[in-house]
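The structure appears right after this line, and notes come after that.
Computed from the coordinates by the stated procedures, all read-outs in this text should not be read as laboratory data. Treat the numbers as computed from the prediction; the structure is a model and nothing was measured. Methodologically, a virtual Cβ is constructed for each residue, glycine included, from the backbone with ideal geometry; neighbour enumeration extends over all protein chains shown.
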Amino acid sequence: MELAAQIPNLLNGLEWSGCALAMSGSFLVALHNRASRWGWIAYICSNLVWSAFALATGTYGLFVQQLGFTATSLYGLYRHTRYYRELAAHTPTAAAAA
């Protein structure tokens, strides 16, 4: 089959993959626990998929939006990771308590 005939299927796959990753990320971030880290990673993956979709379809406004979302997702992952590292540093371990 010709590549041009596969383009609609590819675009459809990108669209639904981006949607599923974003929804999964939203659910995981909403948990507000250590698993939320994976939500930020899902957001970043979603941003990459949506960026590919935007470039393939020529929707450059969507592409610029995804650049902004990628920046906020990276910042969210950084803050989440920093919070749990600081929490671990200030929490006494079982060995220290014994």
| request: Working only within the stretch 11-32, note down all residues that are surrounded by 11 or more Cβ atoms within 10 Å (Cβ to Cβ) and not hydrophobic (A, V, I, L, M, F, W, C). | output: Asn12, Gly13, Glu15, Ser17, Gly18, Ser24, Gly25, Ser26
| task | Considering only the stretch 7-33, state which residues are in contact (Cβ under 8 Å) with a residue 40 or more places away in the chain and of a type in the set (Phe, Trp, Tyr). | result | none
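Does the stretch 38-51 contain any residue that is within 15 Å of the chain's Cα centre (by Cα) and in contact (Cβ under 8 Å) with a residue 40 or more places away in the chain?
Here is the first cut: in the stretch 38-51, the residues within 15 Å of the chain's Cα centre (by Cα) are 38-51.
This time we only want the ones that are in contact (Cβ under 8 Å) with a residue 40 or more places away in the chain, so: 40.
Looking for residues that are within 15 Å of the chain's Cα centre (by Cα) and in contact (Cβ under 8 Å) with a residue 40 or more places away in the chain, one finds at least one in the stretch 38-51, hence yes.
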